[in-house]
1. Looking at the range 43-68 only, could you name the residues that are in a loop (DSSP other than H, G, I, E, B), farther than 13 Å from Gly21 by Cα and open to solvent by 90 Å² or more (accessible area, probe 1.4 Å)?
2. Among the residues of the range 3-57, write down those that are modelled with pLDDT of 85 or more and over 17 Å from the mean Cα position of the chain (by Cα).
3. For the range 25-40, name all the residues that are surrounded by fewer than 22 Cβ atoms within 10 Å (Cβ to Cβ) and assigned to a loop (DSSP other than H, G, I, E, B).
4. Quickly run through the range 128-147 and pick out the residues that are outside any strand (DSSP E or B), in contact with a strand residue (DSSP E or B) (Cβ under 8 Å, 6 or more places away or on another chain) and of a type in the set (S, T, N, Q).
Amino acid sequence: MRLLCCGLLVAAFALVGCSSGPRIAPVKGRVTCGGTVVTSGTITFHSDTGRVSLGEIQPDGSYTLTTTNPGDGGIVGQNSVTIMATKVGGGSAGYASFEEELKGKNKITIPGKIEWLVPEIYSRPETTTLKAEVEDKLNEINFEIPK
C-alpha cells in the first residue's frame, strides 16, 4: 500500500511539472526589406507573457526562433516583433583638431557609419508595428518590410 501511495505521489508531481511554463511551437521564416534579403541581424518575438524568443538572421534571410533550447521556437500567442539589423562601415583614424594634427599627437579613432538594413523604427519594442501570431503548430512567419 505504501508503495502504491508513493507511486501515485510521484506521478502527481510529474504531471504538475509537465504543465508548467508557456507553450512553445517551432517558428522559422525569412526577412526582406524593400524587396532585398536582410543578410544579418537579430529578430526578437516579445510575447504577452513577458518572455522573448530570439533568432539570428542568416545570410539567406532565414531565421529560426529559440526560447529555451536551440531552435525550439516561440511562445504560442500574440507577439510583438523587433528586428535589429545594421551594418557598420569601416572606421578611420584622425585628429581631434587641426592644431592637434599639426603637433602630430592625440590621434583618435573615428567610428564607421551605421547603416540600418531594416529601418530603425522596427528595432525597439516601443516603436515597432510588427506583430506575429505563433500557433501551436509548425509556423512559417515571413517579414517583408518596406524600406
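The values are calculated or read from the model by the stated rules, or taken from the named source; none is laboratory data. All values derive from a computational prediction rather than experimental measurement. As a convention, Cβ positions derive from the backbone with ideal geometry for all residues, glycine included, and neighbour counts pool all protein chains shown. We work out accessible area using only protein heavy atoms, side chains counted, and drop any ligands, DNA or RNA first. Shrake-Rupley method; radii C 1.70, N 1.55, O 1.52, S 1.80 Å.
1. Initially, the range 43-68 is screened for residues in a loop (DSSP other than H, G, I, E, B), giving 48-51, 57-61, 65, 67-68.
Applying the additional criterion that residues be farther than 13 Å from Gly21 by Cα yields 48, 57-61, 65.
Residues satisfying the conditions are Asp48, Pro59.
2. Initial filter on the range 3-57 (modelled with pLDDT of 85 or more): 22-57.
Selection gives Pro22, Arg23, Gly34, Gly35, Thr36.
3. As a first pass, look at the range 25-40 and keep what is surrounded by fewer than 22 Cβ atoms within 10 Å (Cβ to Cβ): 25-26, 28-30, 32-37, 39-40.
If the condition is that a residue be surrounded by fewer than 22 Cβ atoms within 10 Å (Cβ to Cβ) and assigned to a loop (DSSP other than H, G, I, E, B), then Pro26, Gly34, Gly35, Thr39, Ser40 are the ones that fit.
4. Filtering the range 128-147 down to residues outside any strand (DSSP E or B) leaves 128-130, 135-138, 141-142, 146-147.
Remaining after also requiring in contact with a strand residue (DSSP E or B) (Cβ under 8 Å, 6 or more places away or on another chain): 128, 130, 135-138, 141-142, 146-147.
Matches in the range 128-147: Thr128, Asn142.
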